[in-house]
Amino acid sequence: MIAPSLPILDPLARALALLGRQAPWVLPASLALGAAVPSLADLARPALPPVIFLILGFALMRVAPARAVAAITRARTLVAVAWQQLALPLAAVAVLAALQAAVPGLPRGVLDGATVFAFSAPVLSTIGLALLLRLDAPTATALLIAGGATSVMILPGAVDRLAPGAADLGAAALGLRLAALVGGAALMAAAVRRVFGAGRVEAAGPVFDGVFVILMVIFGLAAMDGVGPRLIARPGETAVYLVVALGLAALLAAGGLAMRPVLGAGAAGAAALCSGLRNMGLTVAAAGASVSDDVFLFFGLVQIPIYAVPAIGAALARRRDLVGSSKKH
């Protein structure tokens with residue numbers, strides 16, 4: 001652990017490490033609980049901004065700065081980030097705009113939510129998922145960090161121009177809030193690594209996993225605020241939001257795979273992961289109460305594929321291990 005070893009804290013450390021290993025099923029369960037018990041989701045929603053700040057801080061705390069800088073400065077990474085954070089989102093939004101024109105009844109909130117999601121940075125769990133799925137983790141790290149920095153610069157203007165109804169904030173205000181959120185979390189992570197040392201931070205990895213799961217459960221509950229009642233009141237409309245959210249995540253992931261000629265076969269899978277799973281929560285946290293109800297609904301529903309990937313990855317890993325074990329015997 002980071003703190004000096006105290007026998008009284010050992011049971012807590014073991015409990016957190018155990019909880020961290022249960023993430024594949026605990027995280028999806030938090031979404032189901034939030035949708036099924038609206039009062040619980042409503043109670044968790046005010047905690048969303050500080051929880052996202054802590055999630056980001058804990059994730060950055062475990063990234064070695066020198067390794068991240070080395071990965072980011074590669075020419076192919078810069079090309080991939082431009083594709084991931086600019087070309088793909090613009091293409092996806094164009095497809096959705098054409099869909100909205102072809103289907104007059106499509107809610108405007110679908111396009112607004114899709115725009116915010118498409119221009120968002122990759123989710124913070126992409127590095128861990130890349131390791132679980134045996135994809136190129138260094139590429140995932142580079143795309144996550146460089147994509148996050150690029151998103152802070154591009155997303156506010158894109159949302160202001162393409163989805164003005166998403167949040168009652170100007171581009172400058174949203175950009176400043178995003179920069180403060182990301183910058184503050186980065187400073188916290190750097191301070192912890194400096195005070196306690198990289199070795200102790202890395203050694204505390206299993207404990208951090210458990211803390212991370214607790215934060216993600218609160219996040220999952222809060223993201224479902226309003227989803228349950230909306231599903232009951234307007235099931236057809238909610239289904240449209242869900243279908244578009246799933247389709248958009250799949251479309252962006254397929255676009256990430258298209259980077260194979262640039263990144264190579266091994267890294268293309270990591271690019272697909274980073275492109276398809278986007279951290280819309282950062283924007284929601286930065287915008288706060290100004291986020292429209294429709295965009296928050298999209299935000300909640302798009303967590304379903306994001307939270308499902310760890311469970312799918314764990315199942316594939318177990319199957320792979322079983323196949324490997326049977327071959328040995």
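Evaluating 6.51 cos²θ - 1.76 cosθ + 1.60 at θ = phi - 60° for every residue in segment 34-45, the Karplus couplings come out as x, 6, 7, 10, x, 5, 5, 5, 5, 5, 7, 4 Hz, glycine and proline recorded as x. Each Lys and Arg adds +1 at its Cβ and each Asp and Glu adds -1 at its Cβ; summed about the Cα centre, the chain shows a dipole of about 1100 debye. Ordering F119, V244, S275 by Cα displacement along the dipole of the chain toward the positive end leaves S275 in first place; charges were set at the Cβ atoms of Lys, Arg (+1) and Asp, Glu (-1). Count the net charge of all other residues whose Cβ sits under 13 Å from the Cβ of A203, scoring Lys and Arg as +1 and Asp and Glu as -1. Taking every other residue near A203 into account, the sum is +1. Label A203 and I312 with points 7 Å out from Cα along Cα→Cβ: what is the distance between them in nm? With each label placed 7 Å out from Cα toward Cβ, I get 3.8 nm. Within the set (i) 19.5, 65; (ii) 28.8, 102; (iii) 24.2, 73, the number that Rg and Dmax of the Cα atoms in Å takes when calculated for this structure is listed as (i). The H on the amide N of V291, modeled in the peptide plane, is under 5 Å from the matching H of D168, each at least 5 residues off or on a different chain. Near R278, the amide H atoms lying under 5 Å from its own belong to V123; only residues 5 or more places off or on other chains count, and H is placed 1.01 Å from N.
We did not get these values from a lab; they are worked out from the coordinates using the rules stated. The shown structure was predicted, so the numbers you read here are calculated from the model rather than taken from an experiment. Reconstructed Cβ throughout: ideal geometry from the backbone, glycine too, with neighbour counts over all protein chains shown.
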